[in-house]
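> Before I ask anything, let me first share the structure, which is written out below as structure tokens.
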Amino acid sequence: MTGTMLPACFRSLDNGDSAMHMIDAHHNRTRLAVLIGAAACTGALLLPSASHAQFVDETAGFYVGGGIGRADLDSPCPGGTRCDDDGIAWKVYGGYQINKWLSAELGFINLPDADFRGPGVRGDIETWGITAHAVGKFPIPIGALDRLSILGKLGAVYWDRERNANLAALDDDDSGVDFAWGLGAEYTISERVGVRAEWERFENVGDSDVGRGDVDAWTLSVNYEF
């Protein structure tokens with residue numbers, strides 16, 4: 001008898017421990033994402049002064065940019081509804097180019113509204129985010145490709161998602177912090193102007209109340225270096 005069956009109260013405690021482990025795992029992931037984003041931000045303040053103490057990098061300096069494209073929200077709509085979950089996305093960003101290989105970047109991205117419709121219900125889901133990335137830049141020193149660089153970025157996104165529906169019970173909003181990363185290419189047109197093509201992934205945006213999923217964004221942007 002002993003060891004084979006747990007009393008109901010102990011089974012409840014055991015289930016509660018499992019739930020607590022899941023919550024702790026989510027909190028740990030959020031903390032790590034915040035740390036990565038914070039590292040990307042503080043790098044813009046700390047690394048430039050360190051590099052200038054050793055040598056003057058002609059590529060160092062501030063830049064801004066903006067772009068437009070499309071994004072897929074991974075079906076965040078309520079179950080049993082028809083979901084239009086992709087559309088136009090746009091973003092603006094700014095950063096500090098520490099050297100020709102590394103920059104720290106902050107940005108804002110506005111994602112498309114996800115419209116949903118079902119029996120007796122309709123509405124939309126609005127999503128936007130603030131991003132912080134460390135951006136790696138790898139120039140291609142090959143003939144006609146010497147103006148082209150491959151980009152890789154790693155950081156965090158603070159997201160905000162709001163669901164609005166004709167039924168008040170479905171209205172909700174939430175926000176949080178999760179991983180963000182991406183790949184792309186940049187072409188230098190002139191000393192100050194360049195263009196970027198990027199794919200970015202924002203992990204686990206949303207929750208069970210407003211819809212959760214990975215967001216993919218494809219954008220074409222123009223940069224200006226000061």
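> For Gly211, only one of the following conditions fails: (1) modelled with pLDDT under 95; (2) open to solvent by less than 50 Å² (accessible area, probe 1.4 Å); (3) part of a strand (DSSP E or B). What is its number?
Condition (3) is where Gly211 drops out.
> Tell me, which strands (runs of 3 or more DSSP E) lie completely within segment 67-123 with 2 or more residues that are surrounded by fewer than 21 Cβ atoms within 10 Å (Cβ to Cβ) and within 17 Å of the chain's Cα centre (by Cα)?
Of the strands (runs of 3 or more DSSP E) lying wholly inside segment 67-123, those with at least 2 residues that are surrounded by fewer than 21 Cβ atoms within 10 Å (Cβ to Cβ) and within 17 Å of the chain's Cα centre (by Cα) span 86-97, 102-110.
> For Lys137, indicate whether it is surrounded by 13 or more Cβ atoms within 10 Å (Cβ to Cβ), within 12 Å of the chain's Cα centre (by Cα) and of a type in the set (Lys, Arg).
On the way: surrounded by 13 or more Cβ atoms within 10 Å (Cβ to Cβ): yes; within 12 Å of the chain's Cα centre (by Cα): no; of a type in the set (Lys, Arg): yes.
It is false that Lys137 is surrounded by 13 or more Cβ atoms within 10 Å (Cβ to Cβ), within 12 Å of the chain's Cα centre (by Cα) and of a type in the set (Lys, Arg).
The values are calculated or read from the model by the stated rules, or taken from the named source; none is laboratory data. Just so you know, these numbers come straight off a predicted model, no measurement behind them. Glycine also receives a Cβ, built like all others from the backbone with ideal geometry; neighbour counts cover every protein chain displayed. What goes into the accessible areas is simple: the full protein's heavy atoms, side chains included, and nothing from ligands, DNA or RNA. Shrake-Rupley method; radii C 1.70, N 1.55, O 1.52, S 1.80 Å.
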